[in-house]
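Below is one structure, written out as structure tokens; the observations come after it.
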Amino acid sequence: MELGLKGKKALVTGGTHGIGRAIALALAEEGCDVAVCSRTEERVEKTVKEIKVKGVKSIGVQGDAMAIADMDRVIKTVIKEWKTIHILINNVGGGGRWGKEDPVQTDDQVWQDVYNKNALAAVRFTMRCLPYMQKQKWGRVVTIASVYGREGGSRPWYNMAKAAEISLMKTLAMNPMYAQNGITFNSLAPGSILIPDTGWEEEKKKDPAGFKKIINQLTPLGRLGTPEEVANVVAFVCSAKASLMNGACIAVDGCEGRSF
């Protein structure tokens, strides 16, 4: 399927590992020039090389999405080189395993940091990209939330931050100022995804049999998702084919979630 993305300029935050990297490569495969940012310079350089192999242009910027100065530098770097941004993927986030089992025993700073890393990072990147999308009358903003932004089940600071991301996309999508100028806002709610060097992979190595039992209880598929399965959905949501999709929160979870 021709998605109509050739030549579009995309920025993927946290785009050098896991879901973010898979999204960056999927967009590059569709002909997008892709910029990525991440705290780890080595990963930035490696991902930029992988993107360029697809025959498109790429920009990599090392920076911390929790630092406003770094966010500004990312946007300025991309705009200086490409003059605009068509697609923003708010992927940077995390914190689902932070804090303690007992919320009362969890420091206030954890709540603040998780909200900052997820919801406020999405707000800040989106607000910085919107003027360029408005000027060109076309844009796609996709925020990677979580199944735990749609329903309970994880630690409350993480659920709260992810729910805020979903609400942000829905509320912006309802604004005619953007919708009538070709800009759409959607969120994805992935379930448990097997990503290298993360908690799920550690659990699998530690106790393969126990891991399999947990996964069978967690999802009807009997397996975790892959970053590429999430990325494929993102590529479609960004496409010209998805022009009526606005304000949606799309579950990509193998029916791990129990809500409709």
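Throughout, read-outs are computed from the coordinates displayed, never taken from laboratory work. In this text the structure is predicted, and so the values were computed from the model without any measurement. Ideal geometry is used to build each Cβ from the backbone, glycine not excepted, and the neighbour counts take in all protein chains shown.
When the chain is fully extended, how far beyond the present Cα-Cα distance does LYS206 get from PHE260, taking 0.36 nm per residue of separation?
Full extension from LYS206 to PHE260 adds 16.1 nm.
Can you give the angle from 0 to 90° between the axis of helix 41-52 and the longest principal axis of the chain, with both taken from C-alpha atoms, to the nearest 10?
Relative to the chain, helix 41-52 is tipped by roughly 60 degrees.
For the residues CYS255, CYS238, CYS249, what sequence is obtained by ranking on other C-beta atoms within 10 Å, fewest first?
Going from sparsest to densest Cβ surroundings: CYS255, CYS249, CYS238.
Rounded to the nearest 0.05, what FRET efficiency do LYS213 and ASP107 have when you use their Cβ-Cβ distance and R0 = 30 Å?
Calculated transfer efficiency: 0.35.
Placing unit charges on C-beta atoms (Lys and Arg positive, Asp and Glu negative, everything else neutral), compute the dipole magnitude of the stretch 53-179 about its Cα centre in debye, rounded to 20.
Details: 18 positive and 11 negative charges, 173 e Å.
Taking the Cα centre of the stretch 53-179 as origin, the dipole is about 840 debye.
If you place +1 on the Cβ of every Lys and Arg, -1 on the Cβ of every Asp and Glu, and leave all else neutral, what size is the dipole of the chain about its Cα centre, to the nearest 20 Debye?
So the dipole magnitude of the chain works out to roughly 800 debye.
Run the simple label-point estimate for MET127 and MET66 please: 7 Å along Cα→C-beta, distance reported in nm.
It works out to 1.9 nm between the two label points.
For an R0 of 22 angstrom, estimate the FRET efficiency from the Cβ-Cβ distance between ASN181 and LYS241 and round to the nearest 0.05.
0.70
GLN136 to GLU42: FRET efficiency via 1/(1 + (r/R0)^6), r the Cβ-Cβ distance, R0 45 Å, to the nearest 0.05?
Efficiency computed from Cβ-Cβ geometry: 0.85.
Report, in degrees rounded to the nearest 10, the 0 to 90 angle that the Cα long axis of helix 68-82 makes with the longest principal axis of the chain.
40
Could the peptides 70-77, 33-40, 10-17, 173-180 be put in order, highest first, of the mean number of other beta-carbon atoms found within 10 Å of their residues?
On the way: 70-77: 17.5, 33-40: 24.4, 10-17: 27.6, 173-180: 12.9.
Highest mean packing first, the order is 10-17, 33-40, 70-77, 173-180.
Could you list ARG258, ARG124, ARG21 so that the one with the fewest beta carbons within 10 Å of its beta carbon is first and the one with the most is last?
ARG258, ARG124, ARG21
Using only the alpha-carbon atoms, how far is helix 18-29 inclined from the longest principal axis of the chain? Give it as 0 to 90 degrees, nearest 10.
30
For Rg and Dmax of the Cα atoms in Å, the choices are [x] 29.0, 84; [y] 17.7, 54; [z] 19.5, 65; which was calculated from the structure?
Given [x] 29.0, 84; [y] 17.7, 54; [z] 19.5, 65, the calculated one carries the label [y].
Beyond a 20 Å Cα-Cα separation, which of these cross-linked pairs lie in this structure: LYS52/LYS117; LYS137/LYS241; LYS100/LYS212; LYS76/LYS162; LYS83/LYS137?
Numbers: LYS52/LYS117 28 Å; LYS137/LYS241 16 Å; LYS100/LYS212 25 Å; LYS76/LYS162 27 Å; LYS83/LYS137 15 Å.
Among LYS52/LYS117; LYS137/LYS241; LYS100/LYS212; LYS76/LYS162; LYS83/LYS137, the Cα-Cα distance tops 20 Å for LYS52/LYS117; LYS100/LYS212; LYS76/LYS162.
If we sort 101-113, 193-205 on the protection proxy, mean other Cβ atoms within 10 Å, highest first, what's the order?
Ranking, from highest mean packing down: 193-205, 101-113.
Only Cα pairs within less than 10 Å get springs; with that Gaussian network setup on the chain, which residue of ILE19, ILE87, ILE214 has the largest fluctuation?
For the chain, modelled as a Gaussian network with Cα springs under 10 Å, the answer is ILE214.
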